[in-house]
Amino acid sequence: MTRGARLRLPRAVPAWYRSRPLDPSPAEPRHPMRSRRTPRCPACHLPVALCLCAELPRVAVRTRVIIVMHRREAITSSNTGRLAAAVLEGARLRVRGAVDAGPPEPLPPGRRLALFPREGARVIGPEDATGDVVLLVPDGTWGQARRLVYRDDDLREAEPVALPAVGPTRYALRRNRREGTVSTLEAIAAALGLIEGPEVEAALIGVLDLFVARSLRARAGDFPR
Ligand SMILES: [Zn+2]
């Protein structure tokens, strides 16, 4: 083949580019290609046959957890922030950057902590259990979460706190995770374990393990249709 002939060939468009929605919007959730054939639960995003919503516990906590989710995270089926919002009493989910989003709901009263290891963050601990605590948690990829911390007024103005060293993640649903990071649900579990007690942490880790197991079954096509 001559050089000229090669140049005239149409440029291949990668498959992932074609399959991507042009304008992902949390108002109209779109899912990866395989899910177009499989009806998914709108709440947990698992295939309906694997839906875990009816099995989720209700976890009583004093801390008010506010999950500030990146809008791109809102359309992924591997997100764990929405699980935390579903099981924790008093928790709220705020999707940031959605096209039709109005002003964010005012935060509940209390001392505001932002859980992200930004510069100047101190380690969260049992001493944070005193008084009313509002724990703001950015939810997205590492890069998205970092940007949220600087762009969201409430996250930026809250006192920055970080987890002590965390163990290896139990979350097996995303590749190329940044070394030493954990999923949003694990981060919340570890933080509430320190503030509220180990039983709260254990309950949340149980939810995560269930979600990971079901998600892996969904990927493998291991469910009744
Ligand atoms: Zn469900």
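Any read-out appearing in this document is the output of simple, stated calculations on the displayed coordinates, not a laboratory observation. Values in this document were obtained by computation on a predicted structure and should not be read as measured data. With ideal geometry, Cβ positions are generated from the backbone for all residues, glycine too; neighbour counts draw on all protein chains shown.
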Full-extension gain between Trp142 and Cys41, please, as 0.36 nm times their residue separation minus the C-alpha to C-alpha distance. 33.7 nm
On the formula 1/(1 + (r/R0)^6), with r taken between the Cβ atoms of Ala202 and Arg122 and R0 of 35 Å, the FRET efficiency rounded to 0.05 is 0.90
Take the Cβ-Cβ distance between Asp132 and Ala98 as r, set R0 to 25 Å, and report the resulting FRET efficiency rounded to the nearest 0.05. 0.35
For the pair Leu210/Arg72, report the inter-label distance in nm, with labels modelled 7 Å from Cα in the Cβ direction. 3.1
